[in-house]
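A short worksheet on the structure shown next.
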Amino acid sequence: MVQERHWDNWVVFSGHFEDTARTLAKEAGAPRLANATVARRTFDRWYTGYWYGRPHNDAARVLERLLGFPWTELFSPAPDVFHARKTVHDRDGLQASLVIGERWSTSRLFLSADNNMADSWELMGRNVLDGTTSAVLFLPVARHGEEVRLCPSDPSGLERFLRPARRGLLVGVEEQDDLRLYVIDSANVRKNLAAFTTRDKRLTIPTAYELDDLTYGILWSLIQLDDGLLADDQTLDDEQQVLETYLQLPRSAPSRMALPMLTTVGASWLGSAFCAQHIQRRLDGASEIPLFWTRE
């Protein structure tokens, strides 16, 4: 039912859930219901289809009103007479997207309802960076020694995904005893297209690219840093002359408030560049090894 209504991500579902809670609170004369919400982790457990239990009383009442069935039926195996329409979400990428969302709280996956539209992987910066979004494509893989081989069922779909000039991530899904994921940037896939289009049509990912905590941390930080710098590229280039003015002063530094349009990454880079230039200008003639402090 959630798939049919295209409520299959937490942001959309929670909006409908909270609207229904407020409506039910007025109708039932129960103000407490107006504050009912659904946490993202709770939604992910419900949506897997394998969770059995009883929701909290308020959540159960809201769900029954929202979907029109008793909660006992909503969390039981669907009867044979009920057949949800097959959607684009009935695929390997659904389970992988749920796993990613459960493992890392700074990730959100949005699966497109259109086969011609790419799925989206949102990386949230929290209070450190500004966040960014990348296109993502899930493909099944088979292990061969120290690498896994991508097995696209629709090679034309892979070509459509790789063609746009954007950042993209391919996630290989290996289903053995447990779900294993491998990730590679689409730019690297393009470089390997010559190998992919050979007679045996193989495209592989090293097993070292397994999506674990370390790999995710690298992706989370470097993609946001790269996208932030690209977004500020022109402004940062224009501000190089302004830095020269600040550097002529005996005690000065560029203010973050002077460039409010910069991303967090752009502002940090500008401050670091200023510190680096300040240090370099004072190295000549130093009688001993100097000691400087920077945020790095």
Net charge near Asn35: determine it from the other residues with C-beta under 10 Å of the C-beta of Asn35, scoring Lys and Arg +1 and Asp and Glu -1.
-> 0
Using only protein heavy atoms and a 1.4 Å probe, report how much of Val128 is accessible, in Å² to the nearest 10.
-> 90 Å²
Solvent accessible area, Å² - Glu174, 1.4 Å probe, full protein context = 10 Å²
Starting from the residue with the highest accessible area, list Thr20, Thr264 in decreasing order, probe 1.4 Å.
-> Thr264, Thr20
Restricting to Cα pairs under 8 Å and 6 or more apart, the percent relative contact order of region 96-181 works out to 23 percent
Tally Lys and Arg at +1 and Asp and Glu at -1 over the other residues with C-beta under 11 Å from the C-beta of Leu169: what net charge comes out?
-> 0
Would you mind working out the accessible area per residue for the chain, using a 1.4 Å probe, and quoting it in Å²?
-> 61 Å²
Averaging sequence separations of C-alpha pairs under 8 Å and six or more residues apart, then dividing by the length of region 106-235, give the relative contact order as a whole percent.
-> 20 percent
Dividing the mean separation of Cα pairs under 8 Å (6+ apart) by the residue count of the chain yields a relative contact order in percent of 10 percent
With axes computed from alpha carbons, what is the tilt in degrees of helix 213-231 against the longest principal axis of the chain, rounded to the nearest 10 within 0 to 90?
-> 60 degrees
Would you mind counting up the charge near Asn9? Only other residues with Cβ under 11 Å from its Cβ, with Lys and Arg at +1 and Asp and Glu at -1.
-> -2
Listed peptides 93-102, 274-283 by packing density, highest first (mean Cβ within 10 Å) | 93-102, 274-283
Modelled label-to-label distance, Glu102 and Asn35, 7 Å Cα→beta-carbon offset: nm?
-> 3.0 nm
Rounded to the nearest 10 Å², what accessible area does Tyr47 show when all protein chains are kept and the probe is 1.4 Å?
-> 40 Å²
Percent accessible area from carbon and sulfur atoms, the chain, protein chains only, probe 1.4 Å | 52 percent
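The values are calculated or read from the model by the stated rules, or taken from the named source; none is laboratory data. The structure displayed is predicted, hence computed values, not measured ones. Positions of Cβ are generated from backbone atoms using ideal geometry, with glycine treated the same way; all protein chains shown enter the neighbour counts. For accessibility, only protein heavy atoms count, side chains too; no ligands or nucleic acids. Shrake-Rupley method; radii C 1.70, N 1.55, O 1.52, S 1.80 Å.
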